[in-house]
1. Would you confirm, using the coordinates I've provided, whether A:THR166 is surrounded by fewer than 22 Cβ atoms within 10 Å (Cβ to Cβ), β-branched (Val, Ile, Thr) and more than 8 Å from chain B (Cβ to nearest Cβ)?
2. So, A:ALA60, is that one more than 20 Å from A:LEU129 (Cβ to Cβ), surrounded by 15 or more Cβ atoms within 10 Å (Cβ to Cβ) and either among the polar types (S, T, N, Q) or under 22 Å from the mean Cα position of the chain (by Cα) (or both) or not?
3. Is it the case, given these coordinates, that B:LEU40 is more than 10 Å from DNA strand C (Cβ to nearest atom), at pLDDT 95 or above and more than 14 Å from chain A (Cβ to nearest Cβ)?
4. Which of the residues spanning the stretch B:127-142 are in contact (Cβ under 8 Å) with a residue 12 or more places away in the chain and not basic (Lys, Arg)?
5. Within the stretch B:213-234, work out how many residues are touching a Ser or Thr at 6+ places or on another chain (Cβ under 8 Å) and under 22 Å from A:LEU135 (Cα atoms).
6. Quick check on the stretch B:208-217. Is at least one of its residues at the interface with another protein chain (Cβ under 7 Å from one of its Cβ atoms), among the aliphatic types (A, V, I, L, M) and touching a helix residue (DSSP H, G or I) at 6+ places or on another chain (Cβ under 8 Å)?
7. Suppose the filter is exposed (fewer than 12 other Cβ atoms within 10 Å of the Cβ), within 13 Å of DNA strand C (Cβ to nearest atom) and within 14 Å of chain B (Cβ to nearest Cβ); does A:ASP82 pass it?
8. I'd like to verify a number: residues in the stretch A:81-102 that are under 15 Å from the mean Cα position of the chain (by Cα) and of a type outside the set (Gly, Ala, Ser), how many?
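The values are calculated or read from the model by the stated rules, or taken from the named source; none is laboratory data. All of these numbers come straight from a predicted model, not from anything done at the bench. Cβ sites come from the backbone with ideal geometry, for glycine too, and all protein chains shown count toward neighbours.
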There are 2 protein chains.
Amino acid sequence: MSVPPDSSVPGKAGARVPLTRERVLAAALQLVDDEGLDALTRRRLGQELGRDAMALYRHAPDRAALLDGIVELVLDELDIPDGGQDWQTQLSRTAHDFRRIGLAHPHVVSLIVTRPLSTPLGLRPLGTLRPLERLLRVLTDAGFPPPLALRVYRLYIGFLYGHMLTELQEMVADPEETSDLLRLGLHRLPPREFPLLRGLASDLAAYDGEAELDQGLAVLFTGLRTELAVALEV
Amino acid sequence: MSVPPDSSVPGKAGARVPLTRERVLAAALQLVDDEGLDALTRRRLGQELGRDAMALYRHAPDRAALLDGIVELVLDELDIPDGGQDWQTQLSRTAHDFRRIGLAHPHVVSLIVTRPLSTPLGLRPLGTLRPLERLLRVLTDAGFPPPLALRVYRLYIGFLYGHMLTELQEMVADPEETSDLLRLGLHRLPPREFPLLRGLASDLAAYDGEAELDQGLAVLFTGLRTELAVALEV
DNA sequence: CAGAGCGGCTCTACGCTGTAGGTCTATGTC
DNA sequence: GACATAGACCTACAGCGTAGAGCCGCTCTG
């Protein structure tokens, strides 16, 4: 987790490795993955890198830049096929890859979905726009006119965000308990007002994210196929 | 915006109106709506209510409780029909109502989608679980067995969250400019790498949230109808 | 080889945050 | 009238982001 102060002591022999934006962001991501967003403070990050907190300002001018950088770093892990022609399997593959990334960096998901609310499209880090362009390419290559590709992209990515937000919801209230109702804390709910929710305890406990994603994609794709057929034949 | 210190000076005659959780949360929501989430600090909120910052602790034990309370307050505005039997129009109506609320309280949307990542289902404020129960009821009333209703609910609500996150994205980078490309800041993108995105400037600028929501719902519903028909006939 | 320039870093300091703990006071109850 | 108590206030503390100035050692120039 922590990094030794440096390979070379400043007073002594050597040039110590200078920080880079990449190293800073990588350490920031590591920190967020390990301890959550609240742990990401300048002092803490500086300590992790063996530098003074202020040293970071050279590589990330403010906290927002740090957050945007983390998002960029994570989205860079996403790999989007670009050759093939079957848009559905390509979108499906990408969706599963996005899910993999979301599960690997759960605390970053809230940043991914939330940062764009503060940063205008055109000013976002290029790394966060690259998946958008690549997916537009996938769709246009498959024959969608660009404006339609954009609408499909929006629907798809919104669905994906929604899925990850659902999958990452906290469910277990008390890991000690054995019955689903108690584990999920659903016994707190007044039975008269929440009969259905309470009755679904075991279904909630048995949530299967991958299956649910596939079902969702199936719904999305058949919906798109028939809706688009209608729209295009008019 | 601000509230006069109080109707009665403490030293003088009268009992001043005591704070209530409702008054505190209402003021908090007001503040967030007017100035964004960052403006929501205890001292600021206390000032707004004409009380000391510490007085708020009696009604919201910590900042998380304040945020959860705001979410609860906003979700309480959501009204979900409960009599009728056509689940699609009911979900559609609710979706539009949710959109209305999201547009009315844009800064709260990030809380709505994000808070559940920190609070286990069973421990959430009842007000945030009520829409869930009501929608489950809509679906079961329409004939869905509860476990399936849950899956449909998840898909639906995920889609809804995704839509709002998309609609609330910041787009305009420079309101002064007249051409769409410049207004959105897309001229910053290297043309070789982002030809499609740059080409979609006018489509991006012409975004119509309500239409897009309806199209999305149409896709979702037809997808659901045919997928469910398949699944149920097996 | 001397000296200048400068990039990378550190130090100090400021105003702000959430919140713990103690205290004051006006009110309701016997 | 005496007392208990709920509600609000005051003080204080550690930790936050970040502005501004200064230090140190490399590299480039003559």
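1. Values: surrounded by fewer than 22 Cβ atoms within 10 Å (Cβ to Cβ): yes; β-branched (Val, Ile, Thr): yes; more than 8 Å from chain B (Cβ to nearest Cβ): no.
Here the answer is no, as A:THR166 does not meet what is asked.
2. Working: more than 20 Å from A:LEU129 (Cβ to Cβ): no; surrounded by 15 or more Cβ atoms within 10 Å (Cβ to Cβ): yes; either among the polar types (S, T, N, Q) or under 22 Å from the mean Cα position of the chain (by Cα) (or both): yes.
No.
3. no
4. Of all residues in the stretch B:127-142, those in contact (Cβ under 8 Å) with a residue 12 or more places away in the chain come to B:127-128, B:130-132, B:134-139, B:141-142.
The answer is B:GLY127, B:THR128, B:PRO131, B:LEU132, B:LEU135, B:LEU136, B:VAL138, B:LEU139, B:ASP141, B:ALA142.
5. 2
6. no
7. Details: exposed (fewer than 12 other Cβ atoms within 10 Å of the Cβ): yes; within 13 Å of DNA strand C (Cβ to nearest atom): no; within 14 Å of chain B (Cβ to nearest Cβ): yes.
Criteria not met by A:ASP82.
8. Initially, the stretch A:81-102 is screened for residues under 15 Å from the mean Cα position of the chain (by Cα), giving A:94-102.
So of that shortlist, the ones also of a type outside the set (Gly, Ala, Ser) come out as A:94, A:96-101.
Result for the stretch A:81-102: 7.
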